[in-house]
Amino acid sequence: MITGKNYIGNRLSGNGTKTYKTFNPSLHIENENEFIEASTEEINEAVFLASDAYIGYNQKSGKEKAAFLTAIADGILALGDILIQTYCSESGLPEGRAKGERGRTIGQLKAFAALLEEGSWVDATIDTAIPDRAPAPKPDLRKMSVPLGPVVVFGASNFPLAFSTAGGDTAAALAAGCPVIVKSHPMHAGTGELVASAIIKAAEATEMPNGVFSNLNSSGIEVGVQLVKHPQVKAVGFTGSIRGGRALFDLAAQRDEPIPVFAEMGSINPVIILPEALENRNFELAQTYAGSITVGSGQFCTNPGLLLGIKSAALSSFVTLLSEEIVKIEPSCMLHPNIIEAYEKNKQTAINQPGLVVAAEYGAEVSVNHARQAVVTVEGKTFLENTKLHHEVFGPFSMIVQCENAAQLQEIITNLEGQLTGTIISDNNEIAKYLNVIAALQNRVGRIIFNGVPTGVEVCPSMQHGGPYPASTDSRFTAVGVQSIKRWVRPFSFQDWPDQLLPNELKNANPLRILRFVNGNQNSDSI
Ligand code: NAP
């Protein structure tokens, strides 16, 4: 049942005075439940509880934390249809997508549970003492990863489950040993509360300390700002717009004690279509990209917002074919009236830029809150000179840049902002003639794709989801896959520490049988 209240640790609380409702974009009506924004007292209580919980939670074994994460996954599934219905009513996304995203969310939690069960993720590194080393004895040093402390998580509007309350950031931070306070996304507060209830039940069932998780409602930016400024908060995870991520990053940097903000933000995901591929597969590519641009109403951070080709008859015909294909696709509902309003405004701002030509825009009647997909073209020189054209238009929109030659293509890639992904469409060995372009692209992105589409992010350890700024605030880390746990830990060394007082991961006997680097060799032996 949705109460509209906040979870302050294990307790439901609604002391605030500001209330709001979520919105059903498909029906264009407000949803029934009223949510109470967290008050300053509730925010402080949640953070102090998290700070207290950290002391017990960071001592929990990998197996105990794995049991907690598994119980969360099971609890989310046990919520059943109400979760799927609430998700759909708060996002306008179809049931199939809701179920798929639930599966992904559960899969992520279970992947972290498996990582914890195995245990080697802590990067245990041991250099044993050499007491008789001359001229000075060498001490015994043992290093491993330890959790940072309470983490605040901001989810995005476009992934109510997988990048929200129990999404990747929360799963990774809890796995690392950090208590989590979620700043619930106002567009899907009901989905958030249901998932939060599953997390709290799991925490109680597995005897995790009260405060290991809190879920705070908010209808504007104030709750998030207070959380990021709070001295007991030690790190922030954010998924959303560049504007929001950058504001929180700056806020965290201005604190007396600056803290890391791992913000995963928007991207235009350049796709380079090389001439031979364009010549040979014009129609197939047009169909594939019409689908990729419009899937989920274009509301993906990996949406292909920029297609680049070298001027030719084949490129002109690709523009025509893509234009024909994209308007055949039935428009779909966007997440919220605010999102479609921003889409229409940003699309229009782009279209109004000098030199832009609208190649296609869905023209027939659309249902309420359904987006009209569009494709525009621009000359390479114009694109280079006008950086307003380099920004994400969040929605089913893509820009085709018609370059004069390979040199201009390379110059454009070099001048792009950081991106989550870059894609090369190439036939045979054509790619070998463009190695400089590929090198330039590799320098701008976190993941490079050959002959595919950027949409669809596989969740597995080798996935890199993050890229040079502004794709993310720290390109050294991924937001997807179990390695995202590295964002919430710091390395810590014990020097000459008594064996019985060391964590199990570093003890001579290696009771967990994890893989460790011992005097330069990786093994799971005891010492
Ligand atoms: P958003 O408007 O930036 O909102 C995200 C969250 O941040 C919301 O809870 C919002 O709170 C909060 N927020 C925004 N600005 C803030 C500020 N100045 N101070 C404090 N809090 C602030 O983004 P969205 O519309 O939800 O999500 C769409 C964006 O996410 C797109 O750009 C998409 O590309 C990106 N995205 C990126 C990834 C990735 O992994 N890189 C994944 C999914 C989506 P309020 O709503 O209460 O203001």
### Query
Quick one: Ser316 ticks every box in (1) away from the ligand (no atom under 15 Å from the Cβ); (2) more than 18 Å from Lys381 (Cα to Cα); (3) among the polar types (S, T, N, Q) bar one, so which box is it?
(2)
### Message
Quick check on region 6-31: of everything there that is hydrophobic (A, V, I, L, M, F, W, C) and farther than 16 Å from Tyr87 by Cβ, which residue is surrounded by the fewest Cβ atoms within 10 Å (Cβ to Cβ)?
### Response
Ile29
### Message
Step by step: first the residues of region 325-344, then only those that are within 16 Å of the ligand (Cβ to nearest atom) and in a helix (DSSP H, G or I), then the one that is surrounded by the fewest Cβ atoms within 10 Å (Cβ to Cβ). Which residue is that?
### Response
Glu341
### Task
Output yes when any residue across region 291-304 is within 25 Å of Gly446 (Cα to Cα), away from the ligand (no atom under 16 Å from the Cβ) and not hydroxyl-bearing (Ser, Thr, Tyr), and no when none is.
yes
### Task
Report yes if some residue within region 250-257 is within 22 Å of His185 (Cβ to Cβ), surrounded by fewer than 23 Cβ atoms within 10 Å (Cβ to Cβ) and more than 15 Å from the ligand (Cβ to nearest atom); otherwise report no.
no
### Query
Which of the residues spanning region 203-224 are buried (at least 18 other Cβ atoms within 10 Å of the Cβ) and more than 10 Å from the ligand (Cβ to nearest atom)?
Ala203, Thr206, Met208, Pro209, Asn210, Gly211, Val212, Phe213, Ser214, Asn215, Leu216
### Query
So which residues in region 225-241 are small (Gly, Ala, Ser) and surrounded by 20 or more Cβ atoms within 10 Å (Cβ to Cβ)?
Ala235, Gly237, Gly240
### Query
Hey, Gly244 hits all of (1) surrounded by 19 or more Cβ atoms within 10 Å (Cβ to Cβ); (2) in a helix (DSSP H, G or I); (3) within 6 Å of the ligand (Cβ to nearest atom); (4) not aromatic (Phe, Trp, Tyr) but one; which does it fall short on?
(1)
### Residue that is among the aromatic types (Phe, Trp, Tyr), surrounded by fewer than 21 Cβ atoms within 10 Å (Cβ to Cβ) and in contact with a helix residue (DSSP H, G or I) (Cβ under 6 Å, 6 or more places away or on another chain), where the choices are Phe262, Phe283
Phe283
### Query
Among the candidates Leu502, Leu512, Leu441, which residue alone is more than 16 Å from the ligand (Cβ to nearest atom) and out of contact with any strand residue (DSSP E or B) (no Cβ under 8 Å at 6 or more places or on another chain)?
Leu512
### Query
Can you tell me which of Pro304, Pro331, Pro354 is closer than 26 Å to Ala471 by Cβ and modelled with pLDDT of 95 or more?
Pro304
### Task
Could you please find all residues in region 225-239 being within 14 Å of Ala253 (Cβ to Cβ), more than 10 Å from the ligand (Cβ to nearest atom) and not aliphatic (A, V, I, L, M)?
Lys229
### Message
Show me the strands (runs of 3 or more DSSP E) found entirely inside region 345-441 where at least 2 residues are closer than 20 Å to Cys301 by Cα.
### Response
374-379, 397-403, 419-425
### Sole exception among (1) of a type outside the set (Val, Ile, Thr); (2) touching a Cys at 6+ places or on another chain (Cβ under 6 Å); (3) farther than 25 Å from Asn510 by Cβ for Pro160, by number
(2)
### Message
Checking the condition under 21 Å from the mean Cα position of the chain (by Cα) and touching a residue at least 40 places away in the same chain (Cβ under 8 Å), which residue from Val225, Val236, Val212 passes?
### Response
Val236
### Task
Only residues in region 184-203 that are in contact (Cβ under 8 Å) with a residue 12 or more places away in the chain and within 15 Å of Ser13 (Cβ to Cβ) count as the first member; pair them with residues that are outside any helix (DSSP H, G or I) and away from the ligand (no atom under 16 Å from the Cβ), Cβ under 6 angstrom, at least 6 apart or cross-chain, and list the lot.
Glu193/Ile2; Ala196/Tyr7; Ile200/Tyr7; Ile200/Asn10
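The values are calculated or read from the model by the stated rules, or taken from the named source; none is laboratory data. This structure is a prediction, so every number in the text was calculated from the model and none was measured. Counting neighbours? That spans all protein chains shown, and the Cβs are built from the backbone with ideal geometry, glycine included.
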